[in-house]
Amino acid sequence: MKLETAATVALLLVLLLAPPSLRVSMAGSAFCDGKCGVRCSKASRHDDCLKYCGICCASCNCVPSGTAGHKDECPCYRDMTTGHGNRTRPKCP
């Protein structure tokens with residue numbers, strides 16, 4: 001029993017201390033992880049791309065094909081924005 005407890009504590013510590021990009025990819029679904037992996041494969045800020053793509057995919061349940069563009073394939077993904085007023089920008093990569 002004590003070995004199981006130690007293993008559980010060790011796993012929790014690894015998850016808590018993992019980089020944010022790892023936590024985002026672990027939290028997502030296999031569908032979103034795969035689609036976002038392709039979408040962000042050429043991104044210069046790979047970790048940020050995966051983070052925001054994962055958020056958008058979880059909300060919209062779709063990711064446009066390719067590494068850029070094609071956002072008309074997924075209107076929900078295309079239309080998500082950050083901020084309000086003059087500072088509104090697309091949220092999804």
Pull up the stretch 37-93, narrow it to residues that are among the β-branched types (Val, Ile, Thr), assigned to a loop (DSSP other than H, G, I, E, B) and in contact (Cβ under 8 Å) with a residue 24 or more places away in the chain, then point me to the one that is surrounded by the most Cβ atoms within 10 Å (Cβ to Cβ). 63
Of these, 54, 83, which one is of a type outside the set (Phe, Trp, Tyr) and at positive phi? 83
Could you tell me whether the stretch 11-32 includes any residue that is open to solvent by 80 Å² or more (accessible area, probe 1.4 Å), in contact with a helix residue (DSSP H, G or I) (Cβ under 7 Å, 6 or more places away or on another chain), part of a helix (DSSP H, G or I) and at pLDDT 65 or above? no
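The values are calculated or read from the model by the stated rules, or taken from the named source; none is laboratory data. This structure is a prediction, so every number in the text was calculated from the model and none was measured. Using ideal geometry, Cβ is built from the backbone for each residue, glycine included, and neighbour counts are taken over all protein chains shown. To get the accessible areas, we keep the full protein, side chains included, count just its heavy atoms, and leave off ligands, DNA and RNA. Shrake-Rupley method; radii C 1.70, N 1.55, O 1.52, S 1.80 Å.
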